[in-house]
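Here is the structure we will look at.
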Amino acid sequence: MELQTANLTGTNASTKVSKRPELSSDYTTFLKMLTTQMQNQDPLDPMDSGQYAQQLASFSSVEQQTKTNQLLEGLGSQFGLMNMAQLAGWVGQEARSAGPVYKSTAPVAISYAASATADRAVLVVKDASGALVARETVPLSGADYAWFGADASGNPLPAGTYTLGLESYSGENLLGTSAVESYQPITEVRNTTDGTRVILSGGISVLATDVTALRVPNVAGP
């Protein structure tokens, strides 16, 4: 459920109207019961002043709790807005994270770490449905490796979302698999029910806490 949105064209803020606190309903019921009790008491045998004071104290306690809850909700909204203001500066930068990669026509900068004892590393590429579409031998040192997105025949893969993984080998022995991170442009920042998320190219959504690095895009000059 989206609470706030920041995008390339500006900040589009929309606030979801929160439900009335459940305690507020109890507060209203309590007030009606107390009023009815006062209106229908026996004038010849009125309510004991001690009981009346006790009920008023209970009434005040419920009212105070309701106001406290409303104050906490307001503070939560303000903190959310502050967080959005800080993260709005991320829009337009490139975020590095592990997860799906959107491949278009341009190469994607990826980063990975092969096993220390490996003598061969293989990039495993799966499409959005999870089907294997390519296996590519890559350098053991994978800092900012440019992945062009080709199939086994060397033909460019169609534009779309792919999942990348790395297999480390010693000879023919598989030593293990590891995640592959990629740099992708941030197009939007959102506050959601599970935390703040950044939206990358192709609509890929990543928790802000899963972003491991930020950088300014390398834009070629004229």
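The values are calculated or read from the model by the stated rules, or taken from the named source; none is laboratory data. These numbers were taken from a predicted model, which means no experiment stands behind them. FYI the Cβ positions are ideal-geometry reconstructions off the backbone, even for glycines, and counts take in every protein chain you see. Areas reflect the complete protein model, heavy atoms only, side chains present, ligands, DNA and RNA absent. Shrake-Rupley method; radii C 1.70, N 1.55, O 1.52, S 1.80 Å.
General observations
- Residue 151 long-range amide H proximity, modeled H, under 5 Å: 157
- One decimal place: the segment residue 151-residue 131 gains 6.0 nm when fully extended, by the rule 0.36 nm per residue minus the C-alpha distance.
- Around the amide H of residue 142, modelled in the peptide plane, lie the amide H atoms of 112, 114, all under 5 Å away and 5 or more residues distant in sequence or on another chain.
- Solvent-accessible surface of the range 118-162, averaged per residue with a 1.4 angstrom probe and all protein chains in place: 54 square angstrom.
- In the range 147-222, the GluC sites (Glu not before Pro) that fall in loop regions by DSSP, at most 12 other Cβ within 10 Å: 172
- Computed FRET value (nearest 0.05) for residue 35 with residue 192, which takes r as the C-beta separation and R₀ as 25 Å: 0.05
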